[in-house]
Amino acid sequence: MVEPLLSIVGLDAFHGDAQALFGLDLALQEGELLALIGANGAGKSTLLRSITGLVKHRKGMIRFRGEDILGLPAHVIVGQGIALVPEGRRLFPSLSVEENLLLGAQVARPGPWSLQAVYELFPVLREKRKAPSTSLSGGQQQMVAIGRGLMSNPDILLLDELSLGLAPVVIRDIYALLPKIVGNGLSVILVEQDINRALSVADRFLCMLEGKPSLQGKPGDYSRDQITNAYFGT
Amino acid sequence: MSTLHVTRSTPLSRIALPLAALLVLLLAAAPWWASTATLRLIGEIMIYLSLASLWNLLAGYTGLVSVGQHAFVGLGGYILFTVALYLGWNPLLAIPLAGITAALIAVPVARLVFRLNGAYFAIGTWVVAEVFRLSFAQISSLGGGSGSSLPIGIMKAMAESKAMRESLIYWAALALGTGSVVFVYLLLRSRIGLALTAIRDNETASSSLGITIPRIKLAVYVGVAAVTGMVGALIFLQKLRIAPDAAFSASDWTVLVIFMVVIGGIGTIEGPIIGTLLFFVLREFLADLGTLYLMILGALAILIMMASPKGLWGLVTSRTGLSLFPVGYRVETRGDQG
Amino acid sequence: MDWINIIIQGILVGGLYALFATGLSLIFGVMRLVNIAHGDLIVASAYLAYGVMQLTGVGPLTSLIAVIPLAALFGYLLQLLVLNRTLDKDILPPLLVTFGLSIIIQNGLLEIFSANSHKLNLGSFEIESIHLMPGVDIGYFPLLTFAVAVAVVFGLQQLFYHSAIGRAFRAVSDDPEVAQLMGLNNRTVYASAMALCLAVVAVAGVFMAIRANFDPSMGPGRLIFGFEAVIIGGLGNLWGTLAGGVILGVAQALGAQIDPGWQLLSGHIVFLLILAVKPQGLFPKGAA
């Protein structure tokens, strides 16, 4: 069997002294969209932050394209091809929309995404390109955050709480664009509060409970009740 | 079976406190057993112990990193001279008066410098000290830039004999030195101490607990200024001469003090004590090096800040868990016959 | 015409104070670091120029060709090897480490060069002036200093808002964590900012040393002037910093007219007054 694009084995991660992940295993195949679901505090964000190197205090194994990336600093990992769209979007407030996007291209990896391509995906951003990122609506900010992540031309895009705090109509628009985003064979890990929405787009899901996987498989393999039980640990 | 007890004392602290009391008694009797030179040395150590403990309270516990405490040292000194020269009071009475004046002046000063955040606060305090220095240099009745001396007649009002005067000054230094340590210790064990720890650990959390941070910071700043002013009066009572550059000397009253605290261990009660003693030991051996000595102290402070921010005492406690003056609570397992 | 002359001279000196201040403002903006040794680094640059001139026989302005890159390199290494390790939420370590550095530089210079003062000589250019009107002469050198200050502020402004490195500076300042996710190595970005700061410091040091005598004890005073200019002008506004330097320079020049002892005092008093009335400074960021 071919080694997965990203494989995590026995990952422990810590918030200060508190352990947030307990021996977590995960495999992500090329071109796959994996939905990561779980209650608040289940360790979803910690997992994404561990993969990108933001959580320093962790042990276990994280292999990307067969190479260990656990010891690498965050700014190197993004250059290897893993980009994170962080929870809460976290645009740079003193940078314009275009500057935010350009900063995403800092690592200068070759690939399909460019300023032009992002503006084609989100035409509204072209109009607002000179505007300060703080002047945008929540949905537009999320577009900048996604565009900024894509600008590094990643192999894996990690989307943390994609729809958090957005109006339903905006969420629908963004999800409608998801096929265009992943179309180029991009692999995605999607963290999402809205389980139904996440399962509707995912190839596979992983439900987490208290820092460990509680259920995983294809969305069609399990009943709604089974997934709910895994979510709440009942 | 054994039970758990929450306690403030440690086995060592139960021994340390009586020992410290004994040491203070022994030091109080020093005029009867020590030479004048020794007396002066201990007096100087006590003065620095006081300044170091006070600065530690300010920077290490309250987060007010002042690099302008020499403002209050010099102010205290000038209050002494004003009172002695113009009112003809007993100089010893000038010491508490210097404290009160320093506190009164610290209030408007705090209102100004507290507008500056963090590190800029530090430089702001320095500007204030400069303003004090330049202002006193303008007061010609106090000698202007060249300063003035205390007439011997004023000194005689304190005590007839020179030996008695030396002893009185020494006891005042001992009282301020030990008093400052006790003051900081008791303050940290009080409700204010709990609030300070909360501020240090998490300013937002403590403000949501309803602890009024600005008022506590102001109170600590003013209190420290008061005692610093008293120390300043005492310093220049011993020196008998004052001039703006010596009174508001950043290197003597702030730089050395900061080094003592940083090397000993900032944010610990024991740190300033260790730092002060170590400083005087080092000075015995290295003072001949002059500027090199200060460079060594500077390098030592940098190394300690980078390697062990809690100083030498922090190294000791992290290895052994020792605490001479515990202000926190700890859980102890105690054997129980029940 | 006396007062006009005094004010003009004050404005021109303000350019030098702005040079003291811009580096301070820059590194505070990028990494919230206040470098207590900033003034000592200005003085050290003056000595470095002195050394370069002794060694090669060039003039003070030419010496900048060597002094600027050397100072920048020092700043880069200082940040990378020392100061980066102190950057955290706690303000104490960076403050006390730069404080220790300040004492080391002051006493190191004292050890090497003694307490005697020196001056960098620019020849006749120093004394030549434009005669504006009776009683008002503008010296070439003060004018050059002011022009350099304006150029430095303009250049930094362009760099900050219209270049990739400036974008990186603003990004790490906004959100150091997310900046890493963009592939920025915060440590080298900080080191670059400190290198840039020291390049400005080098210019400030040389112009200070041409203008008047300098000695190892002058650092803290220069730090305070720079700091006052930054606060008067408003944090994070480089043009404001230039204005702050000018206000400080004019205040000092007017104070000196009352009494020589009032020169420094009146500068400090104006600073404290502005702090009391407008704690955000006269031109706070975003209001311009």
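The values are calculated or read from the model by the stated rules, or taken from the named source; none is laboratory data. Just so you know, these numbers come straight off a predicted model, no measurement behind them. Here the Cβ is made from the backbone with ideal geometry for all residues, glycine too, and neighbour counts use every protein chain on show. Please note that ligands, DNA and RNA were not included when accessible areas were found on the heavy atoms of the full protein model with its side chains. Shrake-Rupley method; radii C 1.70, N 1.55, O 1.52, S 1.80 Å.
Closer than 20 Å to residue C:160 by Cα, open to solvent by 10 Å² or more (accessible area, probe 1.4 Å) and either in a helix (DSSP H, G or I) or at pLDDT 95 or above (or both): is that true of residue C:243 in this structure?
Here the answer is yes, as residue C:243 does meet what is asked.
Residues of the stretch B:126-139 being surrounded by fewer than 21 Cβ atoms within 10 Å (Cβ to Cβ) and more than 10 Å from chain C (Cβ to nearest Cβ), which ones?
Answer for the stretch B:126-139, where residues must be surrounded by fewer than 21 Cβ atoms within 10 Å (Cβ to Cβ) and more than 10 Å from chain C (Cβ to nearest Cβ): just B:139.
For the stretch A:135-160, which positions are over 18 Å from residue A:119 (Cβ atoms) and either of a type in the set (Gly, Ala, Ser) or modelled with pLDDT under 90 (or both)?
Across the stretch A:135-160, the qualifying residue is only A:138.
Going residue by residue through the stretch A:32-42, is there one that turns out to be more than 25 Å from residue C:179 (Cα to Cα), touching a Phe, Trp or Tyr at 6+ places or on another chain (Cβ under 7 Å) and either open to solvent by 10 Å² or more (accessible area, probe 1.4 Å) or among the acidic types (Asp, Glu) (or both)?
Looking for residues that are more than 25 Å from residue C:179 (Cα to Cα), touching a Phe, Trp or Tyr at 6+ places or on another chain (Cβ under 7 Å) and either open to solvent by 10 Å² or more (accessible area, probe 1.4 Å) or among the acidic types (Asp, Glu) (or both), one finds at least one in the stretch A:32-42, hence yes.
Any residue in the stretch C:84-111 that is more than 7 Å from every other protein chain (Cβ to nearest Cβ) and open to solvent by 30 Å² or more (accessible area, probe 1.4 Å) sitting within a Cβ distance under 8 Å of a residue that is outside any helix (DSSP H, G or I) and not charged (D, E, K, R)? List the pairs, counting only those 6 or more apart or interchain.
That search, which allows pairs on different chains as well, returns C:87/C:33; C:90/B:309.
Residue-wise test of (1) farther than 30 Å from residue B:145 by Cβ; (2) surrounded by fewer than 23 Cβ atoms within 10 Å (Cβ to Cβ); (3) in contact with a Pro (Cβ under 9 Å, 6 or more places away or on another chain); (4) at pLDDT below 95.
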position: B:175; (1), (2), (3), (4): yes, yes, no, no
position: B:188; (1), (2), (3), (4): yes, yes, no, yes
position: B:204; (1), (2), (3), (4): yes, yes, no, yes
position: B:210; (1), (2), (3), (4): yes, yes, no, yes
position: B:225; (1), (2), (3), (4): no, no, no, no
position: B:228; (1), (2), (3), (4): no, no, no, no
position: B:251; (1), (2), (3), (4): no, yes, no, yes
position: B:254; (1), (2), (3), (4): no, no, no, yes
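Any idea which of A:89, A:148 is within 20 Å of the chain's Cα centre (by Cα) and at positive phi?
So the residue among A:89, A:148 that is within 20 Å of the chain's Cα centre (by Cα) and at positive phi is A:89.
Take the residues in the stretch B:94-120 that are in a helix (DSSP H, G or I) and modelled with pLDDT under 90; name whichever of them is nearest to residue C:95 (Cα to Cα).
B:119
Could you please give the count of residues in the stretch B:140-155 that are over 27 Å from the mean Cα position of the chain (by Cα) and either away from every other protein chain (no Cβ under 12 Å) or on the phi > 0 side of the Ramachandran plot (or both)?
Looking only at that region, the number is 8.
Only one of these conditions is not met by residue B:314: (1) at pLDDT below 90; (2) within 17 Å of residue B:54 (Cα to Cα); (3) within 14 Å of another protein chain (Cβ to nearest Cβ). Which number is it?
(2)
Sort through A:195, A:227, A:171, A:189 and tell me the only one that's of a type outside the set (Gly, Ala, Ser), surrounded by 15 or more Cβ atoms within 10 Å (Cβ to Cβ) and closer than 30 Å to residue A:66 by Cα.
Of the residues listed, the single one that is of a type outside the set (Gly, Ala, Ser), surrounded by 15 or more Cβ atoms within 10 Å (Cβ to Cβ) and closer than 30 Å to residue A:66 by Cα is A:189.
Mind checking which helices (runs of 4 or more DSSP H) fall wholly inside the stretch B:229-303 and carry at least 3 residues that are free of Cβ contacts under 8 Å to residues at least 12 places away in the same chain?
B:270-286
Could you pull out the residue among C:21, C:44 that is within 14 Å of chain B (Cβ to nearest Cβ), of a type in the set (Gly, Ala, Ser) and closer than 28 Å to residue C:254 by Cβ?
Matching residue, one of C:21, C:44: C:21.
Considering only residues that are surrounded by fewer than 19 Cβ atoms within 10 Å (Cβ to Cβ) and at the interface with chain C (Cβ under 10 Å from one of its Cβ atoms), which ones fall in the stretch B:82-115?
Those that are surrounded by fewer than 19 Cβ atoms within 10 Å (Cβ to Cβ) and at the interface with chain C (Cβ under 10 Å from one of its Cβ atoms): B:108, B:111, B:112, B:114, B:115.
Please list, ordered by first then second residue, the pairs with beta carbon atoms under 7 Å, 6 or more apart or interchain, first in the stretch B:13-26 and within 21 Å of residue B:173 (Cα to Cα), second open to solvent by less than 80 Å² (accessible area, probe 1.4 Å) and modelled with pLDDT of 90 or more.
Sorted first by the residue in the stretch B:13-26, then by its partner, the pairs are B:24/B:178.
Name the residues in the stretch A:125-139 that are surrounded by 14 or more Cβ atoms within 10 Å (Cβ to Cβ), farther than 7 Å from residue A:97 by Cβ, over 22 Å from the mean Cα position of the chain (by Cα) and touching a residue at least 12 places away in the same chain (Cβ under 8 Å), would you?
A:132
Could you say which residue among B:192, B:169, B:123 is more than 26 Å from residue B:67 (Cβ to Cβ) and in a helix (DSSP H, G or I)?
B:169 is the lone residue from the list that is more than 26 Å from residue B:67 (Cβ to Cβ) and in a helix (DSSP H, G or I).
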